[in-house]
Ligand code: F6P
């Protein structure tokens, strides 16, 4: 293996730059040429390849976003798009690929391996933390800290006015962000996609808290009642209670990565280069109980990663 390529894909996550830096540095140390694919799968299809070196990857470890850019690529969902991408990889003499992203990225990576035999290793880069095979994904720790800071600010105003707030956090199908920040910010109720939201129970909590008191409810965006807006409408319709809705949105994806994210991104970046050199493919490199683990890509999406039971329990006893 002489030349490897690296790309970031799907929703960007803080720590992706630290990951790019680690792959470049370790690749260089192992005598490899490291190429960056610009713009995820779209850039792969279009042939946007750029050589990476120490200078290009200097001073990025603390930066949010991804210097390699990213995309959600419709074209890659078709066989024709994937064939064009594989042709580009061959044309550029790429011997192995590192794909940093979430489950959509991994589905694509799996197809590149099974349909075209391109050696490819995935690394978990998503704020959602919804990939099985790793305790944490790159970007998650920064996202929960960003969300917690924003929620603390909203609590101040909620407290001053004695208002009911529904605050929506990201996590397309998973409640990890909602559960962690809900507990960290002392929420009165946490609604996640993993469990059915019980409006009557929520009402009881609001009443117990006292209608003249601050009540903060954290809602995962994937909640079945339609996120924070949906729940607030339901409470209004059923019980005539007014509330404020705040959707934190993409603020959670940006910003300088935390130390934990920088270290995780660097560790998995280094391990992914070594995995390619060891002949591994169609696997994700994750971290479980402090150790680097390798799992087949298919396993990362086949089993739903559960929100830890102790968090669910805490959420019910701490309110
Ligand atoms: O997968 C990360 C994520 O931020 C999800 O939490 C969210 O549902 C989604 O991406 C939003 O994606 P986009 O920015 O493409 O709308």
- Task: Six or more apart or on different chains, Cβ under 9 Å: which pairs go from a residue in region 96-108 that's more than 24 Å from residue 30 (Cα to Cα) and assigned by TED's automatic domain parsing to the domain that holds residue 85 to one that's part of a helix (DSSP H, G or I) and near the ligand (Cβ under 10 Å from one of its atoms)? Could you list them?
- Result: none
- Message: Residues that are surrounded by 21 or more Cβ atoms within 10 Å (Cβ to Cβ): list the strands (runs of 3 or more DSSP E) wholly contained in region 2-101 that include at least 3 such residues.
- Response: 3-8, 33-37, 96-101
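Results for (1) within 25 Å of residue 143 (Cα to Cα); (2) modelled with pLDDT of 95 or more; (3) away from the ligand (no atom under 16 Å from the Cβ); (4) in contact with a helix residue (DSSP H, G or I) (Cβ under 7 Å, 6 or more places away or on another chain), shown as yes or no for each residue.
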position: 40; (1), (2), (3), (4): yes, yes, no, no
position: 46; (1), (2), (3), (4): no, yes, yes, no
position: 64; (1), (2), (3), (4): yes, yes, no, no
position: 84; (1), (2), (3), (4): no, yes, yes, yes
position: 102; (1), (2), (3), (4): yes, yes, no, no
position: 114; (1), (2), (3), (4): no, yes, yes, no
position: 120; (1), (2), (3), (4): no, yes, yes, yes
- Note on the structure: Over region 280-301, the set of residues over 12 Å from residue 135 (Cα atoms) and in contact with a strand residue (DSSP E or B) (Cβ under 9 Å, 6 or more places away or on another chain) is 280, 281, 282, 283, 284, 294, 295, 296, 297, 299
- Note on the structure: Just one listed residue, out of 257, 306, is within 27 Å of residue 189 (Cβ to Cβ) and outside any helix (DSSP H, G or I), and it is 306
- Item | Tally of residues being without any contact (Cβ under 8 Å) to a residue 40 or more places away in the chain, part of a helix (DSSP H, G or I), touching a helix residue (DSSP H, G or I) at 6+ places or on another chain (Cβ under 7 Å) and over 26 Å from residue 301 (Cα atoms) across region 153-185 | 0
- Item | Verdict on residue 141 being crowded, with 19+ Cβ neighbours inside 10 Å, within 14 Å of the ligand (Cβ to nearest atom), closer than 26 Å to residue 168 by Cβ and at pLDDT 95 or above | no
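The values are calculated or read from the model by the stated rules, or taken from the named source; none is laboratory data. Nothing here was measured: the structure is a model prediction, and the numbers come from that model. As a convention, Cβ positions derive from the backbone with ideal geometry for all residues, glycine included, and neighbour counts pool all protein chains shown.
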